[in-house]
Amino acid sequence: MTDPFDPAAHPAAVAEAIATLDRFLAALNAGDAAALAETLHFPHYRLAGGRVTVWQDIAGYMAQSRNRLGAEWHRSVCDFRRPVAAAPDKVHLDVQWTRLRADGLRITSFRALWVMALLEGRWAAQFRSSFGA
């Protein structure tokens, strides 16, 4: 039996989801709220530390980002992003992030599941479940 959610069956959706995640990372590292907003659907949801955080807009997201990332944070890198399930309008990505200090030393690495969705003609992250803080 063929798996209808096999990422190989939806290469265009997977490519869009990965490109969006890459734009998210570039915008996060640049501190560019406008570019970051283009990579997130709102409300945006994150499950981490046993609780769900909901951001209604980019202003709320940016206000909490610095506290969540920590004072030592300088930038993040994506160690890998693997599609685990896909459809024409949604892709689940298994992602590992590493947070770095300005001197390049690792602060932490953690895994997350990102749900990338095509809503109203735009690919963006709708939900993520992270093992990081």
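Values in this text are rule-based calculations from the coordinates and carry no lab data. The structure presented is a predicted model; accordingly, all values stated were derived computationally and were not measured. Quick reminder, even Gly has a Cβ in these numbers, built from the backbone with ideal geometry, and neighbours come from all protein chains shown.
Some points to look at:
- Of residues in the stretch 83-105 being in contact with a Leu (Cβ under 9 Å, 6 or more places away or on another chain) and under 18 Å from Ala26 (Cα atoms), the one surrounded by the most Cβ atoms within 10 Å (Cβ to Cβ): Leu93
Rundown of residues vs (1) touching a residue at least 24 places away in the same chain (Cβ under 8 Å); (2) in contact with a strand residue (DSSP E or B) (Cβ under 8 Å, 6 or more places away or on another chain), yes/no style:
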| position | (1), (2) |
| --- | --- |
| Ala8 | no, no |
| Ala13 | yes, yes |
| Thr20 | yes, yes |
| Ala26 | no, no |
| Asp32 | no, no |
| Leu36 | yes, no |
| Ala48 | yes, yes |
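Table: residues versus (1) touching a Leu at 6+ places or on another chain (Cβ under 9 Å); (2) outside any strand (DSSP E or B); (3) crowded, with 19+ Cβ neighbours inside 10 Å; (4) among the basic types (Lys, Arg).
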{"site": "Phe5", "(1), (2), (3), (4)": "no, yes, no, no"}
{"site": "Ala8", "(1), (2), (3), (4)": "no, yes, no, no"}
{"site": "Ala13", "(1), (2), (3), (4)": "yes, yes, yes, no"}
{"site": "Asp22", "(1), (2), (3), (4)": "no, yes, no, no"}
{"site": "Ala34", "(1), (2), (3), (4)": "no, yes, no, no"}
{"site": "Pro43", "(1), (2), (3), (4)": "no, no, no, no"}
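- Residue among Val77, Val84 that alone is within 17 Å of Ser130 (Cβ to Cβ), in contact (Cβ under 8 Å) with a residue 60 or more places away in the chain and in a strand (DSSP E or B): Val84
- Residue check for Arg111: in contact (Cβ under 8 Å) with a residue 24 or more places away in the chain, surrounded by 14 or more Cβ atoms within 10 Å (Cβ to Cβ) and part of a strand (DSSP E or B): no
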